[in-house]
Each structure stands twice: as structure tokens, then as C-alpha cells.
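Heads up, the thing below is written out as C-alpha cells.
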Amino acid sequence: CSGPKRPQDKVAVSDMKKDFETCLGAKQGFKGFQIAPEYHNHHVQFVYNDKEFELTHGSVVIAAITSCTNTSNPSVMLGAGLLAKKAVEAGLTVKPYVKTSLSPGSGVVTYYL
């Protein structure tokens, strides 16, 4: 995964866990959070809708499919939507505290969807 501004920073999905763990202790800045080693496994508990949950470094709390640069290519949004649909059909679930959103970048993409 990488962004459009720095494609050279690509990290393979298979390497993300190791890369993220390295970033935790790296000097603060680009790809560095400078978190002391004794806090790398730190977690917090919280209650949401009367149920207890736990967050750790790297927990997903926002899951979004968005489009701003691909508004002229609605197939990208359609593909992302179909991938999400198939993931749910395969058993992927979303924690109740995770904010999910689908946000097409234009009315044209909304029309296609």
C-alpha cells in the first residue's frame, strides 16, 4: 500500500505488520512514532454501547472507501465496493465502534453505484 504522492514508499501487505512495528519505535517523523518499547504492546479498554472493547496500536477504527482522483474512472469505486461486499460474504465483520463510510467523489460516481 502506498499513496499517490510517494509510490516509492510502497509496503507489501505481507510486510505491513513488521513495518508498522518498526515504525512504533522509530524516531518521530515520517514513518516514526517514537513510542518507548515498554509501550509497544500497550492497550486501552473502553465501553461502547454497553459492551467492552480493547484498542491497541494499529487497531482499525475507520474503514472508508473514497474517491476523489478516480471520479472519471467509476470502475475503481465499483471494484472497491464489490471487494467489500465479497469480504462480508466471506465472513469479514466490522466491530461496532468502527466508523465505516462510502464516499464517492462526484455525483457521476454516485449515479453509477
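The values are calculated or read from the model by the stated rules, or taken from the named source; none is laboratory data. Everything quoted here is computed from the prediction, not taken from an experiment. Don't worry about glycine lacking a Cβ; one is built from the backbone with ideal geometry, like all the others, and counts go over all protein chains shown.
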_Residue under question is residue 75, and the condition is that it be under 22 Å from residue 105 (Cα atoms) and in contact with a Gly (Cβ under 6 Å, 6 or more places away or on another chain); does it hold?_
no
*Among the residues of region 15-32 satisfying the criterion of being without any contact (Cβ under 8 Å) to a residue 24 or more places away in the chain and either assigned to a strand (DSSP E or B) or among the aromatic types (Phe, Trp, Tyr) (or both), which is nearest to residue 95 (Cα to Cα)?*
32
*Do we have any residue at all in region 60-69 that's surrounded by 12 or more Cβ atoms within 10 Å (Cβ to Cβ), hydrophobic (A, V, I, L, M, F, W, C) and modelled with pLDDT of 95 or more?*
no
_Can you find, within region 89-109, the residue that is surrounded by the fewest Cβ atoms within 10 Å (Cβ to Cβ) among those that are of a type in the set (A, V, I, L, M) and more than 16 Å from the chain's Cα centre (by Cα)?_
90
